[in-house]
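Undergrad: The structure follows.
Readers should treat all values here as calculations from the given coordinates under stated rules, not as data from a laboratory. Bear in mind the structure is a predicted one, so any value in this text is a computation, not a measurement. Cβ atoms come from the backbone with ideal geometry, glycine included; neighbour counts cover every protein chain shown.
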Amino acid sequence: MTDSTSFKSGFACFVGRPNAGKSTLTNALVGSKVVITSSKPQTTRTVVRGIVHREDAQLVLVDTPGLHRPRTLLGERLNDLVKTTWSEVDVVAVCFPANEKPGPGDRFIVNELAKVRKSVKFAIATKTDLVTPEELGEHLLRIAELGAETGTEWAQIVPVSAKNGDQVQLLADLFVEQLPVGPQLYPDGDLSDAPEEAIVAELIREASLEGVRDELPHSIAVVVEEMGLKEDRPADKPLLYIHANLYVERDSQKGIIIGHKGSRLKEVGMEARQQIEAILGTPVYLDLRVKIAKDWQRDPRQLRKLGF
């Protein structure tokens with residue numbers, strides 16, 4: 001490690017419309033899965049910190065929910081979380097998917113970001129593997145124009161592909177340049193500061209999101225009720241017992257999650273268990289139940305109970 005007078009540490013935050021590639025980019029920079037990714041928009045609900053360890057720096061990545069015009073109390077709370085985070089980090093990076101023209105949603109975000117004074121602002125063209133060089137050139141020009149129109153000064157506009165790894169390392173270097181000199185914030189080897197229960201709950205929710213209809217993703221919440229190593233096992237054959245409840249808002253949604261004769265819930269359990277075992281490195285027995293919390297996204301008492 002380099003001497004402490006030149007070691008840097010600090011926080012960077014990805015923002016953007018839902019499904020702009022923020023979570024995939026966080027995972028690519030950390031080099032491991034720390035946040036869930038899904039083809040469904042608005043899958044990130046918590047601010048997860050992914051930690052990038054380098055010889056010269058420690059970069060802590062804060063992944064926020066996608067900023068959007070809220071329709072529920074949950075939506076309002078998620079937006080407040082995003083804006084609070086912006087004002088507390090060293091770098092804010094706005095993600096603009098290269099395969100979509102910047103639209104009113106992007107303008108809304110950049111206008112809100114213009115009110116934040118102290119953070120250094122980057123623009124990132126994500127998903128560059130989905131467009132031609134000519135299309136990418138036009139996209140970068142549009143991002144520059146949006147900055148000029150909103151009075152936002154981009155420190156850099158950087159095209160990346162998290163899927164192919166293109167320019168991911170460059171992005172890390174550019175972020176580190178902006179960090180203050182400071183001590184290591186997390187121990188070596190830590191990839192996230194999210195509690196294991198929170199990571200497990202997110203992986204279960206990710207598995208439950210795949211293949212469901214559009215209205216359902218926002219109605220799913222997961223709470224890990226019990227988690228611990230089974231005591232009657234030999235030391236060389238540990239088994240982690242996890243009991244979790246999947247909450248939905250209506251009876252019809254419960255039927256969708258469980259599936260015909262429990263087939264869908266079984267698939268969710270198998271997918272989630274494989275992901276949890278890969279991250280925690282321990283065999284898992286996963287006990288999943290589906291429960292109804294009627295209209296929980298609009299109910300302050302239930303939001304608190306479910307951790308929002």
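Undergrad: Roughly how many nanometres apart are two label points built 7 Å out from the Cα toward the Cβ at residue 210 and residue 156?
TA: It is 3.4 nm.
Undergrad: If one computes P(r) from the Cα atoms of the chain, what percent of pairs lie at distances over 34 Å?
TA: Above the 34 Å cut-off, the chain has 26 percent of its Cα pairs.
Undergrad: Say we join alpha carbon atoms closer than 10 Å with springs in a Gaussian network model of the chain; which of 237, 127, 83 then has the biggest fluctuation?
TA: In the Gaussian network model the winner is 237.
Undergrad: Of the chain, which part is the longest with no GluC sites (Glu not before Pro) in a loop (DSSP not H, G, I, E, B) and with at most 10 other C-beta atoms within 10 angstrom?
TA: Result for the longest clean stretch: 56-152.
Undergrad: For residue 101, which lysines qualify as cross-link partners when the Cα separation must be under 22 Å and same-chain residues fewer than eight apart are set aside?
TA: Correct list for residue 101: 22, 40, 121, 127, 163.
Undergrad: Checking understanding here: applying a Kyte-Doolittle mean of at least -0.5 and a length along the axis of at least 24 Å (C-alpha), which whole DSSP H helices in the chain pass?
TA: Both cut-offs are met by 133-150, 263-280.
Undergrad: Rank 282, 128, 152 by mean-square fluctuation in a GNM of the chain with C-alpha springs under 10 angstrom and give only the top-ranked residue.
TA: 282
Undergrad: Looking at the chain as a GNM with Cα springs under 10 Å, which of 298, 49, 17 has the largest mean-square fluctuation?
TA: Looking only at 298, 49, 17, the largest GNM fluctuation is found for 298.
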